[in-house]
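The values are calculated or read from the model by the stated rules, or taken from the named source; none is laboratory data. In this text, all values refer to a predicted model and were calculated from it rather than measured experimentally. When we count neighbours, we look across all protein chains shown, and the Cβ atoms used for this are built from the backbone with ideal geometry, even at glycine.
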Amino acid sequence: MRKSILFWGSILIAIVFTIGSSGSALAKELRFQSIWPASIHLNKGDKYFANLVDVLCEDEVDIDYNDGGSLVKTDEVFDAVSNGMLDMATDWPSYWEGKNSAYALITSWPMGFTPADYMIWYWQGGGLELAQELYGKDNIVWFPHAITGPESGQRTTEPVRSLEDYEGIKMRQCGRIQSKMLEDVGGSPVFMPGGEVYMGIQRGTIDGGEFSVPEVDWNMGFQEITDYWVLPGWHQPGPVWGVLINQDTWDSFSEMTKFKFKEAAMASMMWTWTYFEYGSSTYTNKFTDAGIEITRLDDEVLERLQKKSFDYMIEEAKKNADFAKIAFSQLDFFKRMETWRKIQRPFMYGRTPAGLDRVHEEIKKIAKDHGVFEEVREIQESARERNKKQNFWKPGTKYISNPMPVE
């Protein structure tokens, strides 16, 4: 009798354990690699997103998080997700400019969008649709999931107060157009991975560099090897990075899971912006307390940089229809917001760039020449209509999770 009780008791415990763990046992494991190594604090945004998805989708997916470089090299994550070697990864879109120059607009164009601009444009103004259309050409679904405040600017061993002061300075500079602009004013841009900037400045290989927001720069030790901090961060005023998902992996998800991924991306984007922006005040004080001198470019210099930025935008738009399509959408956003921002000054979160009217009209004409003008207008309107309807997933209904225009 005692043996029988023990036997059936063991069976009951096994059944209870199986039922209790059945959700995680059925969860689909996803191989996920961050774009950032463990030493770069921007990975906090990637971890937040991965953890949030795990919580929201605990019975559906289980994300196997890996630090940057641990599975594939940083410059290989795009192709690794595209071909299914990785289910997911995060990326810095401008890394893919060699594939298509339009990726430069998705992450942060020099003298371009601020964080607030990007968040409104992505989630209300058709930006998400345009980005997904671009990534979709390579079997990838993409969501913006992280953004910081404007990047710190440049950290140098010599003061820079004017464009002339850039003459001869060897500077680690990210971004193809940013490097061209630096070269235009006499600087010498140097392409260098973020992890090598410290040693480059310390050894005198370069005279300065830039990487990210104050918290990240501090933890990379830039206060130990530089004396000056050049502001504002004109080269990356609204840095965005995103999450890549293999299309076949995405198609295997239920509609509910797709909905949760999109909502997690929006929540994570807000978290990263508020986290790093709040921390920027603390780490700015750390830099100044450490004796770092701030040098600031004046408004006349910024206007000259703005003109150069717009000139390069026009040049790229003429060569690439994808670039023209996204550039027109972003400039049209500036025009749509112009009056509202003007009448609400000084209580506003964005700006109207000098020279906007000229470049807006020129890019509009280029978009029409490429035959993409009407596509942008349709995406803007369809995105807005869908957002007004608040397409939440409901049991028994199909959530339109791929935000491309539908018939």
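Of all residues in the range 62-85, those that are touching a helix residue (DSSP H, G or I) at 6+ places or on another chain (Cβ under 7 Å) and either part of a helix (DSSP H, G or I) or under 20 Å from LYS260 (Cβ atoms) (or both) total 5.
Inside the range 203-231, residues that are in contact with a Pro (Cβ under 7 Å, 6 or more places away or on another chain) and either modelled with pLDDT under 95 or among the polar types (S, T, N, Q) (or both) make up a count of 0. Only a single criterion out of (1) out of contact with any Phe, Trp or Tyr (no Cβ under 7 Å at 6 or more places or on another chain); (2) on the phi < 0 side of the Ramachandran plot; (3) small (Gly, Ala, Ser) is not satisfied by GLY126, namely (2). Checked against (1) within 23 Å of the chain's Cα centre (by Cα); (2) assigned to a helix (DSSP H, G or I), ILE245 passes all but a single condition, namely (2).
Taken as a whole, the condition of being more than 11 Å from the chain's Cα centre (by Cα) and at pLDDT below 95 applies to ASP75. Filtering the range 1-60 to residues that are at pLDDT 70 or above, of a type in the set (Lys, Arg) and more than 30 Å from MET220 (Cβ to Cβ) leaves only LYS28. For beta carbons closer than 9 Å, sequence separation of 6+ or different chains, a first residue in the range 315-332 that is in contact (Cβ under 8 Å) with a residue 24 or more places away in the chain and farther than 19 Å from MET181 by Cα and a second that is outside any helix (DSSP H, G or I) and of a type in the set (Val, Ile, Thr), the qualifying pairs are ALA321/VAL372; ASP322/VAL372; ALA324/VAL372; LYS325/VAL372; PHE328/VAL372.
Scanning the range 162-202 for residues that are surrounded by 15 or more Cβ atoms within 10 Å (Cβ to Cβ), polar (S, T, N, Q) and either at pLDDT below 90 or more than 21 Å from the chain's Cα centre (by Cα) (or both) yields a single hit, SER188.
Let's see how each residue does on (1) surrounded by 15 or more Cβ atoms within 10 Å (Cβ to Cβ); (2) of a type in the set (A, V, I, L, M); (3) closer than 30 Å to GLU164 by Cβ:
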{"site": "ASP248", "(1), (2), (3)": "no, no, no"}
{"site": "ASP251", "(1), (2), (3)": "no, no, no"}
{"site": "SER280", "(1), (2), (3)": "yes, no, yes"}
{"site": "THR295", "(1), (2), (3)": "yes, no, yes"}
{"site": "LEU302", "(1), (2), (3)": "yes, yes, yes"}
{"site": "ALA324", "(1), (2), (3)": "yes, yes, no"}
{"site": "ASP357", "(1), (2), (3)": "no, no, yes"}
{"site": "GLU362", "(1), (2), (3)": "yes, no, yes"}
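Within the range 293-307, is there a residue that is over 30 Å from ASP357 (Cβ atoms) and either in a helix (DSSP H, G or I) or small (Gly, Ala, Ser) (or both)? No, because not a single residue in the range 293-307 is over 30 Å from ASP357 (Cβ atoms) and either in a helix (DSSP H, G or I) or small (Gly, Ala, Ser) (or both).
The residue of the range 248-258 that is modelled with the highest pLDDT, among those that are among the polar types (S, T, N, Q) and assigned to a loop (DSSP other than H, G, I, E, B), is SER252.
Selection within the range 130-161: residues that are under 28 Å from TRP218 (Cα atoms) and of a type in the set (A, V, I, L, M). The member of this set that is surrounded by the fewest Cβ atoms within 10 Å (Cβ to Cβ) is VAL160.
Determine whether ALA102 is within 21 Å of CYS174 (Cβ to Cβ), in contact with an Asp or Glu (Cβ under 8 Å, 6 or more places away or on another chain) and crowded, with 23+ Cβ neighbours inside 10 Å. So ALA102 passes the test.
Take the residues of the range 26-54 that are of a type in the set (S, T, N, Q) and assigned to a loop (DSSP other than H, G, I, E, B): which is surrounded by the most Cβ atoms within 10 Å (Cβ to Cβ)?
SER34
The test for being farther than 21 Å from TYR95 by Cα and surrounded by 20 or more Cβ atoms within 10 Å (Cβ to Cβ) holds for VAL230.
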